[in-house]
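Only the coordinates and a few stated rules stand behind these numbers; no lab work does. Quick caveat, the model's predicted, so the values are computed rather than measured. Cβ atoms come from the backbone with ideal geometry, glycine included; neighbour counts cover every protein chain shown.
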Amino acid sequence: MKAIVVSPGKPDSARLADVPEPTLADAPDGRGVLVRVVRVGLDGTDRDIHAGEYGAPPLGADYLILGHESFGVVEEVGPKVTEFGPGDFVVAMVRRPGTSPYDAVGMQDFSTDDTYFEHGISRLHGYLTERYVEVPEYLIGIPQGIQDVAVLLEPVSVAEKGINQAYEIQRRLRVWRPGRMFVLGAGPLGIIATALARLRGLEVTTFGRQSPPYLNAELVEALGARYLSTGQVSLAQAAERHGAPDLIFEATGFAPLVFEAMDVLARNGVLVLVSVTGGDRRAEVPADRLNLGFVLGNKVMVGTVNAGRVDFESGVRDMAVAQARWPGWLGRLLTHKVHGLDAYEEAFRLLVGEPGVLKAYVEIGGRA
């Protein structure tokens with residue numbers, strides 16, 4: 001069986017490899033589900049692992065199969081599987097339990113373990129291959145209405161979790177009704193967060209570096225949201241013109257912007273951080289003012305990573321509603337198709353800054 005693999009920690013090591021074929025016997029207690037991979041989305045995590053910046057192979061292996069944004073079709077199930085049958089379409093969750101108390105209750109996305117397990121990222125093989133075996137507990141069923149765009153579910157789940165966590169935190173206020181949201185970053189995750197916020201009735205301003213017109217801005221504005229370039233308007237200026245945001249979703253990968261976001265956040269507001277940032281950037285900040293604003297304004301800043309089943313399931317529902325409300329909009333995010341695992345070099349060329357790439361994905365098994 002073919003797969004795209006890397007040697008974690010070694011830059012530019014992606015290659016096509018022969019790997020063992022999975023079988024239902026790989027899953028315990030007759031609960032295996034054999035899935036043929038249809039397509040896999042690519043993102044900055046794949047790019048960074050390919051660059052050797054992080055990633056870890058499974059125990060006893062010297063390679064890691066990449067890919068964590070999956071979509072596939074069930075080919076065969078074990079004798080004790082009742083949740084799925086052949087022909088069902090599924091998306092696999094990414095993180096698996098470790099040893100912390102949170103892992104033990106199905107909240108592995110809140111794990112406190114230093115060593116964690118994520119398919120295609122850390123200690124578990126990913127989905128840029130032809131088939132995999134999983135147990136039903138980590139598979140999400142996909143209805144007909146979103147099958148063509150279901151490869152987006154994993155990034156949708158990340159945005160869902162960030163927004164869901166903001167509302168969960170603000171249950172402390174009992175009557176929290178956010179009206180405005182700033183989304184920082186107009187990549188796929190920021191655009192998806194914009195859509196989810198619009199479905200919740202929020203007035204949304206989404207910030208990107210590039211000045212319009214371009215596709216990302218068009219997608220934001222098609223939702224009835226506002227697009228602004230940070231090269232033309234600062235967060236402070238936007239807050240003065242359009243009102244301070246009750247919710248900020250930060251997805252830029254540029255850490256210094258977090259402090260600007262802290263400064264403009266409205267009283268009783270929530271700042272959600274989803275960027276995974278590397279490097280050693282430093283910034284001089286008005287520390288006393290930021291601290292005072294958070295204390296007197298009862299503000300919250302929260303980090304969030306990965307997603308749990310509840311977020312995947314709410315993602316399915318919201319994607320279905322988005323398809324009905326904005327027909328064809330989700331499909332416009334999928335800008336570049338890579339035909340087959342053999343074209344892995346093209347896949348990574350798209351990831352390192354090919355102009356006009358919003359979301360690239362690898363088509364592997366077809367729909368038939």
Per-selection Kirkwood Rh - segment 223-324 (Cα, Å, 1 d.p.): 15.6
Extension gain from Asp342 to Asn291, taking 0.36 nm per residue of separation minus the Cα-Cα distance: 13.1 nm
Of Leu296, Leu24, Leu189, the one that fluctuates the most in a GNM where the chain has Cα springs shorter than 10 Å: Leu296
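Which three semi-axes in whole Å describe the equivalent ellipsoid of segment 164-217, each the square root of 5 times a Cα gyration tensor eigenvalue, listed largest first?
Computed over segment 164-217, the values are 26, 10, 9 Å.
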Extension reserve of the Ile169-Asp148 stretch, reckoned as 0.36 nm per residue once the Cα distance is removed: 4.2 nm
For the chain, built as a Gaussian network whose Cα springs stay under 10 Å, the top-fluctuating residue of His68, His125, His242: His242
Highest-MSF residue in the chain out of Ser275, Ser111, Ser100 [GNM, Cα springs under 10 Å]: Ser100
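What stretch of the chain, leaving out the sites themselves, is the longest with no GluC sites (Glu not before Pro) in a DSSP loop having at most 14 other Cβ atoms within 10 Å? Kindly include the intermediate steps, with their values, before the conclusion.
Values: sites that count: Glu53, Glu284.
The segment 54-283 is the longest one with no such site.
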Spin-label model distance (nm) - Glu83 vs Arg282, 7 Å beyond Cα toward Cβ: 4.9
Close Lys-Lys pairs in the chain, where close means Cα under 22 Å and separation is 8 or more or interchain: 5
Karplus-derived HN-Hα couplings along segment 105-111 (A = 6.51, B = -1.76, C = 1.60, θ = phi - 60°), whole Hz, x at Gly and Pro: 10, x, 10, 5, 6, 10, 4
Alpha-carbon Debye profile of the chain, log10 I(q)/I(0) at 0.08, 0.11, 0.12 Å⁻¹: -0.40, -0.77, -0.92
Rounded to whole Hz, the Karplus (6.51, -1.76, 1.60) HN-Hα couplings of segment 128-137, x for glycine and proline: 7, 8, 8, 8, 8, 10, 9, 8, x, 4
Three-way shape call for segment 157-313 based on the alpha-carbon gyration tensor, with the a/c threshold at 1.5: rounded
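For the chain, what does the helix formula give at 222 nm: sum of -39500 (n - 2.57) over DSSP H segments with n ≥ 4, over the residue count, nearest 500 deg cm²/dmol? Each step should come with its number before you reach the end.
Values: 11 runs with 103 residues, N = 368.
Here the helix-only value at 222 nm equals -8000 deg cm²/dmol.
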